[in-house]
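The values are calculated or read from the model by the stated rules, or taken from the named source; none is laboratory data. Everything quoted here is computed from the prediction, not taken from an experiment. For neighbour counting, all protein chains shown are included, and Cβ atoms are generated from backbone atoms with ideal geometry for every residue, glycine included.
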Amino acid sequence: MLLGDSITEGWRGMSFGLPVPKKKPNVPVFESLFDERRGADFQGLALGIAGDRTYHLLWRMQNGEIPANLQPSVWWISIGTNDFGRDLPHCSPEVVLMGIIRVVEEMQKLRPGSTIVVNSVLPRSEDINGRLVDSKHPDHLTVWQGILEVNRGLRIYCSKLRNVVYYDATSIFVRQDEGTKGVDGMFIPKELMYDFLHPTAEGYKKWGDEIISSIHDLIEASQSEKGRLPLSATWWERGGEKKGGSS
């Protein structure tokens, strides 16, 4: 079960509940990954609304979007980027982090027996070339720096909880210029995020493949040991790539 904002709604080729022509290629990608009738390993729903911030998602959860008969084993939450906002008012990283944590707390209350995956806030850029740092003003605070701060906080928070896992999808969408090191050479390829915020069909496919692989790992881990998921301490790094396997 995928919960979130326009990035989640985009899986279904829609925005604000209406079909969007440029997002139509996302639909067969979603169906191939989350529709068992089309050969997918799992059946999934994408419950996202464009423009939603953490408090919007929280309201939906508290007001009927999580009915009693909806009982998936894994809830995949991806929310928070709109809290930063492209327009004022926008939230500080501390407030964004608190908002995401509140969503997780509500889900724990609603579905205490389920596994909750907290997806990292995806990378985004307002640079015309998708650069994560403004090359003209490298000392200016960027949204990317705020996202990194939130994601660090989420990783720490999730590491302390049972059946709550942090998943870092950053490396799926970020590339490094050849011959460079550090954030100055990092950028988002347009073929993965057409506006450096919303994934393309190719971006969804790469992300979705990792989600499916990770769900398999989570289910296997939860079946092998009750309680805390016995995953490697570095599972959250590089989009869930397991450097040492399950422990």
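Against the condition modelled with pLDDT of 95 or more, under 14 Å from the mean Cα position of the chain (by Cα) and of a type outside the set (Lys, Arg), how does TRP59 come out, does it pass? Answer is no for this residue. Tell me, please, whether a residue that is under 29 Å from VAL27 (Cβ atoms), touching a Phe, Trp or Tyr at 6+ places or on another chain (Cβ under 8 Å) and among the hydrophobic types (A, V, I, L, M, F, W, C) can be found in region 155-164. Scanning region 155-164, I find no residue that is under 29 Å from VAL27 (Cβ atoms), touching a Phe, Trp or Tyr at 6+ places or on another chain (Cβ under 8 Å) and among the hydrophobic types (A, V, I, L, M, F, W, C), so the answer is no. The condition of being at positive phi and in contact (Cβ under 8 Å) with a residue 24 or more places away in the chain holds for GLY51. Restricting region 87-118 to residues that are in contact with a strand residue (DSSP E or B) (Cβ under 7 Å, 6 or more places away or on another chain) and outside any helix (DSSP H, G or I) leaves a set whose member that is farthest from LYS181 (Cα to Cα) is ARG111. Restricting attention to region 161-207 and to residues that are of a type in the set (Val, Ile, Thr) and within 15 Å of the chain's Cα centre (by Cα), the residue that is surrounded by the fewest Cβ atoms within 10 Å (Cβ to Cβ) turns out to be THR170.
SER232 meets all of the listed conditions (1) touching a helix residue (DSSP H, G or I) at 6+ places or on another chain (Cβ under 9 Å); (2) at pLDDT below 90 but one, namely (1). Scanning region 111-134 for residues that are hydrophobic (A, V, I, L, M, F, W, C) and crowded, with 16+ Cβ neighbours inside 10 Å gives ILE116, VAL117, VAL118, VAL121, LEU122, LEU132, VAL133. May I ask you to verify whether VAL121 is within 27 Å of PHE30 (Cβ to Cβ), in a loop (DSSP other than H, G, I, E, B), out of contact with any Asp or Glu (no Cβ under 6 Å at 6 or more places or on another chain) and among the aliphatic types (A, V, I, L, M)? It is true that VAL121 is within 27 Å of PHE30 (Cβ to Cβ), in a loop (DSSP other than H, G, I, E, B), out of contact with any Asp or Glu (no Cβ under 6 Å at 6 or more places or on another chain) and among the aliphatic types (A, V, I, L, M).
Reported count of residues in region 162-192, each being modelled with pLDDT under 95 and in a loop (DSSP other than H, G, I, E, B), is 8. Scanning region 66-93 for residues that are at negative phi and free of Cβ contacts under 8 Å to residues at least 40 places away in the same chain turns up PRO67, ALA68, ASN69, ASP83, ASP87, LEU88, PRO89, HIS90, CYS91.
Return the pairs, sorted by first residue and then second, in which the second residue is assigned to a loop (DSSP other than H, G, I, E, B) and of a type in the set (Phe, Trp, Tyr), the first residue lies in region 187-209 and is closer than 14 Å to ASP127 by Cβ and in contact (Cβ under 8 Å) with a residue 60 or more places away in the chain, the beta carbons are less than 6 Å apart, and the residues are 6+ apart or on different chains. From region 187-209, the pairs are ILE188/PHE196.
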